[in-house]
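I have placed the structure first, in the form of structure tokens, so that the comments after it can refer back to it.
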Amino acid sequence: MAANPNARRFPEGFLWGAATAAHQIEGSPMADGAGPSIWTRFAHTPGMTVNGDTGDVACDHYNRWKDDVALMASLGLKAYRFSTSWSRILPDGTGRVNQKGLDFYSRLVDELLDKGIEPLLTLYHWDLPAALDDRGGWLNRDVADWFAEYGSVLYRALDGRVKKWVTLNEPWVVTDGGYLHGALAPGHRSKYETPIATHNLMRAHGAAVKAYREIGKHEIGLVVNIEPKYPNTQSPEDLAATKRAHAYMNEQYLDAALLGKYPPELKNEIFGDAWPEWADEDYALIKQKLDFIGINYYTRSVTQATDSYPLKAGAVRQKLGTYTETGWEVFPQGLTDLLVWAKDRYGNLPTYITENGAAFFDPAVAEEGRVRDPLRMGYLKKHLTAIRDAIDQGCDIRGYMVWSLLDNLEWSLGFSKRFGIVHVNYGTQERTPKDSARWYSKAIETHGASI
Ligand SMILES: OC[C@H]1NNC[C@@H](O)[C@@H]1O
Ligand SMILES: [Ca+2]
């Protein structure tokens, strides 16, 4: 007896889409009056990126946006998550609006709507205007006002056509990568700066949500990357390390945004005297009602006590594990576990999987125009099944945005890692849907029954 196809379907209205980010696909960073971002600077700083790769051209989406929307429509996408470049809209970060920058996104949104594709707009996906970094960037408390001003320009221009807004993408990566370890722009390495950047990011998030409530009439949320931490052994050291790692990566930002407080481990076990005492009004600003949260999921971490600085916790490679090109273990069960954890801790807010995907070594485009990527297809299948398991356990999951629509600029890793369901030939800029794109189109068409 064939399994009941309805048992395998996703809920009606489940939003099937794909995600990208401005700096990773657009190119033309300085076109039409745009100002430089911290990534324009960082990538042009020798040694900061693999092969010295930069966002100068990337996927040339700034010029190819119309064809790329047609490509999304041909794949049957119902939604498209993208980010706007702050320094295209406000070249100096605040003040003067660059109308041509705004027009680019306005045209993109109209084209998406014309093709029946719902836009999900992320205000900040890591590309702070360089002019604001010169004024302290995320270390300057004024950044909350700067960010609310930037958001307000976009709310006034696009709200109503855009009905799902996101303030920040992955604040943990911004601080851990940009301020603690220095692997990402602006490349700082300071245990003292990191909590300040975290707090100002969250204040900026709150200020942007507050501004939205004055101007906007639709929905706004926050996107976090979270990664379940499983203790390597039941030793007290490993259990404590796992608890620290979980607080630092998974609880920190959602607790601030939704509960109005940070986990105690951050001061007591990780940052110590580098963790300032924040004023109550800061927490009141940060804790704003959200219409949804976005969860970006890639992998898990089996965690043990180490002498790493300052977390004193590290991942243990799994001998029997399968790993992606970015060294992430394929572990779909972790997504189900995390979604249930988030439901129980934060009260089952409407949730989108705003990123999920994998970099595998893809063969070149075969003569018949195919790119065989069975490992990516398997990854997507397993993780979508994990999401359906979480829905069956009562999680209110509203949609899934595969990372990514296109092969693109993987930050410091340059173009060396390919996450796209569509192959990009960076020499010719030709797009070729991979087998995973064809598979995903079928999944969308059948509301998940074909998975
Ligand atoms: O590493 C893959 C993705 N992770 N989340 C943020 C995106 O910008 C990355 O490309
Ligand atoms: Ca700097």
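Just so you know, all these numbers are worked out from the coordinates, no wet-lab data involved. Keep in mind the model is a prediction, meaning the values are calculated, not measured. All Cβ positions, glycine included, derive from the backbone under ideal geometry; neighbour counts span all protein chains shown.
What to note about this one:
- Residue-wise HN-Hα coupling along the range 441-451, computed from phi with Karplus coefficients 6.51, -1.76, 1.60 (Hz; x: Gly, Pro): 4, 5, 4, 5, 4, 9, 6, x, 5, 7, 5
- The residues neighbouring Val143, those whose beta-carbon lies less than 9 Å from its own, together hold a net charge of +1 under the Lys/Arg +1, Asp/Glu -1 convention.
- Trypsin sites (Lys or Arg not before Pro) lying in DSSP loop within the range 181-284, provided at most 16 other Cβ fall within 10 Å: Arg189, Lys191, Lys217, Lys261
- Long-range HN-HN contacts of Ser37 with modeled amide H, under 5 Å: Ala130
- Lysines whose Cα lies under 21 Å from that of Lys381, excluding same-chain neighbours fewer than 8 positions away: Lys78, Lys417, Lys434, Lys442
- For the chain: rounded, prolate or oblate by the Cα gyration tensor [a/c cutoff 1.5]: rounded
- Residues whose amide H falls under 5 Å from that of Glu118, counting only those 5 or more places apart or on a different chain, are Ala79, Tyr80, with hydrogens built in the peptide plane.
- Residue-span extension gain [Lys191 to Val365] - 0.36 nm each, minus C-alpha spacing: 58.2 nm
- Distant-in-sequence amide H partners of Thr54 (H built 1.01 Å from N, under 5 Å): none
- Cα gyration tensor, the range 155-198 - rounded (a/c under 1.5), prolate or oblate: prolate
- Placing +1 on the Cβ of every Lys and Arg and -1 on the Cβ of every Asp and Glu, with no other charges, gives the chain a dipole of roughly 860 debye about its Cα centre.
- In the range 320-377, GluC sites (Glu not before Pro) in a DSSP loop with at most 10 other beta-carbon atoms within 10 Å: Glu367, Glu368
- In the range 369-451, the GluC sites (Glu not before Pro) that fall in loop regions by DSSP, at most 10 other Cβ within 10 Å: none
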